[in-house]
Amino acid sequence: MSAESRSDRPKVQPAKRTFAGNVRFAVAFLVVFATTMGGAFACVYLMLRLGDSTPLSPLIHEDGQGALIIGGIAIGGAPGLFLPLILIAMVWGTEDDPRMGAGSAAKKVLGLILFDVYVFVLAIVVSQLGWLLPQQITTFVAVVVIGFSYVPLMLFPWEKIGLGGMIGKRRPGSLRPSVSLQKD
């Protein structure tokens with residue numbers, strides 16, 4: 001705890017926004033939004049085709065197709081959101097938050113692929129409820145199961161196995177890698 005008063009501390013000037021920075025943010029936002037929506041719609045289409053005309057179609061009942069739709073939204077939306085953000089993080093950086101390296105980006109992409117495989121298997125398993133339950137109940141169960149399937153993944157301590165910061169957020173109390181502990 002510091003003994004100096006708050007009035008003695010230097011005042012921090014708020015960051016000034018520039019027109020070019022606002023345009024860059026708007027373009028990045030539109031690209032991320034477009035890839036997220038495009039990925040979600042494309043995967044919904046592919047998942048419905050999976051339920052109609054593939055070798056897996058005998059497994060999927062008509063009443064279970066809602067689970068495929070919800071799974072397709074997650075499978076396409078997550079990479080559509082995170083891949084542009086990973087690419088942007090590889091290009092732009094600041095002194096406080098440096099650019100992302102190729103190894104870190106590869107770990108994040110691998111994490112996205114594993115998440116998509118997990119959601120795909122989960123969507124197929126939940127769609128099997130269509131054999132037992134009506135379509136509305138199957139779809140509701142799919143929303144809950146697939147929609148909240150990421151919670152156990154978020155609670156897992158990825159730092160213990162060397163995959164910390166997969167989503168880009170640090171846990172409360174964790175330090176930046178560049179911050180060192182110094183005793184005054």
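The values are calculated or read from the model by the stated rules, or taken from the named source; none is laboratory data. It should be emphasised that the depicted structure is a prediction, and the values quoted were computed from it without experimental measurement. Every residue, glycine among them, receives a Cβ derived from its backbone with ideal geometry; neighbour counts consider all protein chains shown. These accessible areas exclude ligands, DNA and RNA; they are computed on the full protein's heavy atoms, side chains included. Shrake-Rupley method; radii C 1.70, N 1.55, O 1.52, S 1.80 Å.
Pick from the range 114-131 the residues that are out of contact with any Ser or Thr (no Cβ under 6 Å at 6 or more places or on another chain) and touching a residue at least 60 places away in the same chain (Cβ under 8 Å): which of them is farthest from F148 (Cα to Cα)? This residue is W131.
Within the range 94-104, can one find any residue that is outside any helix (DSSP H, G or I), without any contact (Cβ under 8 Å) to a residue 24 or more places away in the chain and surrounded by 15 or more Cβ atoms within 10 Å (Cβ to Cβ)? The answer is yes; a qualifying residue exists. Residues of the range 14-33 that are open to solvent by 60 Å² or more (accessible area, probe 1.4 Å) and either in a helix (DSSP H, G or I) or of a type in the set (A, V, I, L, M) (or both): A15, F19, A20, N22, V23, R24, F25, V27, F29, L30, V31, F33.
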